[in-house]
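The values are calculated or read from the model by the stated rules, or taken from the named source; none is laboratory data. Please read all numbers here as calculations on a predicted model, not as lab measurements. We place every Cβ from the backbone using ideal geometry, glycine too, and count neighbours over all the protein chains shown. To get the accessible areas, we keep the full protein, side chains included, count just its heavy atoms, and leave off ligands, DNA and RNA. Shrake-Rupley method; radii C 1.70, N 1.55, O 1.52, S 1.80 Å.
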Amino acid sequence: QDPNVAFVGWIHYLAFDLLVGRMITKDAMDRDVSLIVYILLVFPILVITFVAGPAGWLLYFLLQQTALIPPQPTYYLRV
């Protein structure tokens with residue numbers, strides 16, 4: 001019943017959701033996901049991640065393993 005415990009819990013959940021959402025978005029960008037695929041598949045998973053974090057993360061992992069192309073390697077030039 002302590003409000004500080006609730007506050008710490010909400011901060012934890014929001015931080016998890018934001019970090020996982022950022023990871024999902026960055027991974028989708030690294031995989032060159034088209035806008036249509038992003039809107040139809042990735043965006044709903046981001047909403048699910050915000051509502052129920054671990055379930056959204058698991059859904060994206062399943063999508064990543066089954067339907068998305070692997071990320072393209074990035075080559076950097078040394079100067």
How large is the charge dipole for the chain, taken about the Cα centre, if only the Cβ atoms of Lys, Arg (+1) and Asp, Glu (-1) carry charge, to the nearest 20 debye? 240 debye
Would you calculate the separation in nanometres between label points at TYR13 and LEU62, each defined as 7 Å from the Cα along the Cα-to-beta-carbon direction? 2.2 nm
Report the Rg/Rh value for the chain, based on alpha-carbon coordinates and the Kirkwood definition of Rh. 1.13
Full extension from LYS26 to THR74: what is 0.36 nm times the residue separation minus their Cα-Cα distance, to one decimal in nm? 15.9 nm
Quick check: net charge around LEU46, other residues with Cβ under 14 Å of its Cβ, Lys/Arg +1 and Asp/Glu -1? 0
Just reorder VAL47, VAL8 by solvent-accessible area, largest first, 1.4 Å probe, all chains present. VAL8, VAL47
For segment 67-76, in order, what is each residue's ³J(HN,Hα) by Karplus, 6.51 cos²θ - 1.76 cosθ + 1.60 with θ = phi - 60°, in whole Hz (x at glycine and Pro)? 10, 8, 6, x, x, 7, x, 9, 10, 10
So how do THR25, THR74, THR66 rank on accessible area, 1.4 Å probe, biggest first, that is with the largest at the start? THR66, THR74, THR25
How large is the accessible surface per residue of the chain, computed with a 1.4 Å probe and reported in Å² as a whole number? 82 Å²
Percent accessible area from carbon and sulfur atoms, the chain, protein chains only, probe 1.4 Å: 73 percent
If you plug each phi of segment 49-63 into the Karplus form 6.51 cos²θ - 1.76 cosθ + 1.60 with θ = phi - 60°, what whole-Hz ³J(HN,Hα) values come out, in order, with x for Gly and Pro? 4, 5, 7, 9, x, x, 5, x, 4, 5, 4, 5, 4, 5, 4
